[in-house]
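The values are calculated or read from the model by the stated rules, or taken from the named source; none is laboratory data. Note that the coordinates shown come from a computational prediction; the quantities given were computed from them, not determined experimentally. Here Cβ is always computed from backbone atoms with ideal geometry, including for glycine, and neighbour counts include all displayed protein chains. Ligands, DNA and RNA are excluded from the accessible area calculation, which covers all protein heavy atoms including side chains. Shrake-Rupley method; radii C 1.70, N 1.55, O 1.52, S 1.80 Å.
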Amino acid sequence: MSPPSLRSEELLLLCYYDPEGISTVPETVAFMQEYSMFSVTVLNLFEHGRNGGGLSLSPHINLRKFDGIVIHNSLSYNVDNLRSLDSLLEFKIRDFTGVKVLMKQDENFKFKELASYIGETRFDLIFTCLPPEAIPVVYPRSLVGTPTFSRMLTGYITPTLRGFPQGVESRKTDIGYRGSIQPINFGRLAYEKRKIGDEVAKLKEVQGLVLDISSRWEDRLG
């Protein structure tokens, strides 16, 4: 797959990730930039200062030079960060007349506050992990206005991952799994992420197999 011919529009892609952290995040961002039909400027706020606990863009950023602003899901987890983004700017994101795109996952966290922010900032397109029937529940039109919703996945296979060996002959682990331990207020789904691993490890059918199952943060694989 070769990069497409570029259009004239320029996009600003705002992200937040540790370059030395989970590799799939910077890989995905890099491939979005490489294979987009638009010229994409990536701004990773990981090294940028915080404003009262939230992330903020440098006052030297000129939003007017771009035709569209895309906020990546690595930045949009907490709506408090979104609200503080333009706190140092004279020209606010809500006043930006180009296309405004928000990518979102973990939509159980402060979803009412997020819906209000979307409406106030007048986003045009929301990438969501929700099925169509759940969108009006989490994003009521009375709060969000009239943005377009498009469904996405929480992660995608990158060309780097496709380059990994596909055979199973060299595998030393029969079943591997990494969950996570989340706060109770994250609900049933967050609990199931841990329970899946625990329940599989108890199955008699897997006894004798080599298992590598854990939900501990220190056992996660970047």
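Cα centroids of the range 47-116 and the range 117-170: 17 Å apart.
Multiplying the residue separation of residue 198 and residue 157 by 0.36 nm and subtracting their alpha-carbon distance yields 12.1 nm. Considering only 44, 189, 208, the residue lying farthest towards the positive end of the dipole of the chain is 189, judged by Cα position with unit charges set on Cβ.
Given a cut-off of under 8 Å on Cα pairs at least six residues apart, what relative contact order in percent is computed for the range 66-165? Mind dumping the intermediate values first?
Values: 125 pairs, mean separation 25.9, N = 100.
Reported as a whole number, the value is 26 percent.
I'd like the chymotrypsin sites (Phe, Trp or Tyr not before Pro) in the range 156-195 restricted to DSSP loop residues with at most 12 other Cβ atoms within 10 Å, sorted by number. List each step's numbers first, then the result.
Working: sites: 156, 177, 186, 191; in loops: 156.
The qualifying sites are 156.
Each Lys and Arg Cβ is given +1 and each Asp and Glu Cβ -1; about its Cα centre, the chain then shows a dipole of about 440 debye. Computed about the Cα centre, the dipole magnitude for the range 52-122 is approximately 140 debye when only Lys and Arg (+1) and Asp and Glu (-1) carry charge, each at its Cβ. Computing Kirkwood radius over Cα pairs in Å for the structure here picks out one of (1) 19.8; (2) 17.8; (3) 17.3, namely (1).
Do the alpha carbons of any pairs in 112/193; 172/193; 112/202; 110/195 sit beyond 31 Å of each other, and which pairs?
On the way: 112/193 24 Å; 172/193 24 Å; 112/202 38 Å; 110/195 24 Å.
Distance filter (> 31 Å) returns 112/202.
The residues of the chain expose on average 63 square angstrom of accessible surface per residue, using a 1.4 Å probe on protein heavy atoms. Sparsely packed loop sites in the range 165-222 (the GluC sites (Glu not before Pro) outside DSSP H, G, I, E and B with at most 12 other Cβ atoms within 10 Å) comprise 169. With the simple model of a label 7 Å out from the Cα in the direction of the Cβ, residue 216 to residue 64 spans 5.6 nm.
Tell me, in nm to one decimal, what length is gained between residue 36 and residue 133 on full extension, where the rule is 0.36 nm per residue of separation less the Cα-Cα distance?
Taking residue 36 through residue 133 to full extension adds about 32.0 nm, to one decimal.
The length gained by stretching the chain between residue 110 and residue 122 to full extension, at 0.36 nm per residue less their Cα-Cα distance, is 2.5 nm.
Relative contact order for the chain: what is it in percent, counting Cα pairs under 8 Å that are at least 6 residues apart?
On the way: 333 pairs, mean separation 33.8, N = 222.
For the chain, the relative contact order is 15 percent.
Per-residue accessible area (protein heavy atoms, 1.4 Å probe) orders 175, 22, 71 as 22, 175, 71, starting from the largest.
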